[in-house]
Every structure is written in structure tokens, then in C-alpha cells.
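Working notes, beginning with the structure itself.
Every read-out reported here was derived from the displayed coordinates using simple, explicitly stated rules and does not represent laboratory data. Keep in mind that this is a model prediction, so the values were computed, not measured. Using ideal geometry, Cβ is built from the backbone for each residue, glycine included, and neighbour counts are taken over all protein chains shown.
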Amino acid sequence: MLINQNETVSNELLSPEGLCSLILREYHPSISESCRKIEGYLLSSQYGKDISIPLSELIHLIFMKLNDEIKHFFLKESGIIFPAIKKNTKGKTGKEDGHFLQSTALESIHQRQQVITNLLQKLRHLLQDYNIQPSWHKDWKECVNEMFQLESKVYQWIHVEGSLLYPKIATQAHH
């Protein structure tokens, strides 16, 4: 009996509806909180002596672009994409799940995630792979560490969507 209960929980969690709920509950708040922390660090200007002014301005600019991309994508997911997934998969099982997202919508989602990934890679490069220097101010060290954690959270979120959620609901493109 326990195996069947675990299987049911697992199937519900891994259903499109369950994955949408998981992403909204676990990934969106965690990633948003990391972005708020990083923005606070960057606005405090406690890293002025640790890196050059042009570099700090470039990091700030790229991070703010990343933050905007993430915020807008989360709004789109929570307000449009996930409600549509939940509506179209409610009460359906197995092979019926989804198959309603057009390939153009999935391509658009992938493109936005690629923009986010590219911005993360630029930050990683500018921050020399998040290699923290002992001489840096405590706040700047925490900021760089938070950027590393943000990158990890974003890649986990993209992986859950790209490997679990969207393959379950993707329309098979007929060419």
C-alpha cells in the first residue's frame, strides 16, 4: 500500500500541474529572493575598492538586465503559461496530458531562458568564475556568493522545465 501511495504522490508531483505548482512554490520565490539580495548589495556600493568602476558598472548593468528578464518571465509563467497548462491538463491522464502548447510558444520560452542563461554566463565571466578574493569587502564577497547561488537556482529551474515540464506538454511538431 505504501508503494502505491508514493507512486500516486510521485505521479501527482510530476504531472504538469504538479510541476507548475512546484516551480511556483520553490523556484520563483527562491530566485526572486536571490535577485533582491544581489540588487541590495549592488546598490550599497560596498565593493568600490574591490573592482574597477567600469567593471562594477558593467556587472550592475548586466545584473539589472538579468533581473528584469527573470521578473518578466516569472510574471508570464505565473499569469499566462502555468494557468493555461493547469487548465488544459486538469482531469486528463497519461497520453492526454497537454499537447496544446504550440511549438512557437515553446520556442519563445526556450529563447527567453537562453537570454537568461547568456546573461548568467556574462556575469560568471566578469566575476572570474565567482572566484572570491580574501581582500574583498565582506558584503562584496556575499554578493558574489549570492550570484553563484542564483546561477545554480536558475539552472535548476530551467532544467525542471526543460527536462520534465515542457516535454510532457509539448505539441509534436508536424513538419
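If we sort 157-164, 138-145 on the protection proxy, mean other Cβ atoms within 10 Å, highest first, what's the order? Could the numbers behind the result be given before it?
Values: 157-164: 15.8, 138-145: 18.1.
Peptide ranking by packing, descending: 138-145, 157-164.
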Given a Förster distance of 22 Å, the FRET efficiency implied by the Cβ-Cβ spacing of GLU107 and VAL160, rounded to the nearest 0.05, works out to 0.75
For the stretch 25-68, size of Cβ-based charge dipole, Lys and Arg +1, Asp and Glu -1, in debye
60 debye
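What does the highest-first list of 15-23, 103-111 look like by mean Cβ count within 10 Å? Kindly include the intermediate steps, with their values, before the conclusion.
On the way: 15-23: 19.0, 103-111: 13.9.
Listed from highest to lowest mean packing, they are 15-23, 103-111.
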